[in-house]
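Read through the structure below, which is laid out as structure tokens, and then see the notes.
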Amino acid sequence: MTPGILRSLPQVSPVVPLAAEEAEQASVGLPSLFLLVLVGSLVPVIPTGALVSSAGVVAFHHSDPVVFTALVFAAASLAAFCGDLLLFALGRGGTRWLRRLREQAAPGAVRRAQRQLAERGTVVLVVSRLVPGGRIPVMLAALLTRMPVAAYARGCFPAALAWAATYQLIGLLGGALFPHPWQGVLAAVALALLFAAAPHLWRRGTAGAG
């Protein structure tokens, strides 16, 4: 086949199937991320931070990383906000959910959270979302002090934004450090889990030293 005939043949761009594949992945991945983070906010057994970090790695390697990063951030932060607000509303409306929250928080941590809420207000909600293990004691303290839902929502919204941004940055870092997405996902998950376990490890270390 001559070069002239080759030039006359229609060229198939690899971008078209890649874009279609990425669009299909996004149509499944983003709703799944939203649902898992939402459920993880209600039942804290799902490593939601690691999920967001993994999605951050995928966004970094996407053909349109800026747009996909924004979509991941929107899905994660909205799910965290809705999950926290729903759990707070369930705690206000039923003793069963309030009892479950009490079982997950140490009494001393709840008393400290009550003092902090009295001194600093809803700013404490933002900090509690970023500190692993700090969300439930502060939420329970807000319930016990009968904080209005509107006031809780005002603190919960920036808290969800800050939380999603923090874990997504971990994912973007993992994506930037490694050429292959699976390598970045492993690194991001490890960093996210280490970040989540750091306070517990610190408490054990200080208790052992004492």
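The values are calculated or read from the model by the stated rules, or taken from the named source; none is laboratory data. Since this is a predicted model, take the numbers as computed values, not measurements. Cβ sites come from the backbone with ideal geometry, for glycine too, and all protein chains shown count toward neighbours. Just the protein is used for accessible areas: all its heavy atoms, side chains included, with ligands, DNA and RNA removed. Shrake-Rupley method; radii C 1.70, N 1.55, O 1.52, S 1.80 Å.
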Might you check whether a residue that is touching a Phe, Trp or Tyr at 6+ places or on another chain (Cβ under 7 Å) and either open to solvent by 20 Å² or more (accessible area, probe 1.4 Å) or farther than 24 Å from Gly175 by Cα (or both) occurs anywhere in the stretch 55-69? yes
Go through (1) surrounded by fewer than 17 Cβ atoms within 10 Å (Cβ to Cβ); (2) in contact with a helix residue (DSSP H, G or I) (Cβ under 9 Å, 6 or more places away or on another chain); (3) over 30 Å from Ala55 (Cα atoms) for Ala150 and report which single condition fails. (2)
Picking from Ala142, Ala207, Ala196, which residue would you name as being open to solvent by less than 80 Å² (accessible area, probe 1.4 Å), modelled with pLDDT of 80 or more and in a helix (DSSP H, G or I)? Ala142
Single condition Gln114 does not satisfy, out of (1) surrounded by 19 or more Cβ atoms within 10 Å (Cβ to Cβ); (2) touching a Ser or Thr at 6+ places or on another chain (Cβ under 7 Å): (1)
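For the stretch 65-105, which positions are of a type in the set (Asp, Glu) and touching a residue at least 24 places away in the same chain (Cβ under 8 Å)?
Asp84, the sole residue that qualifies.
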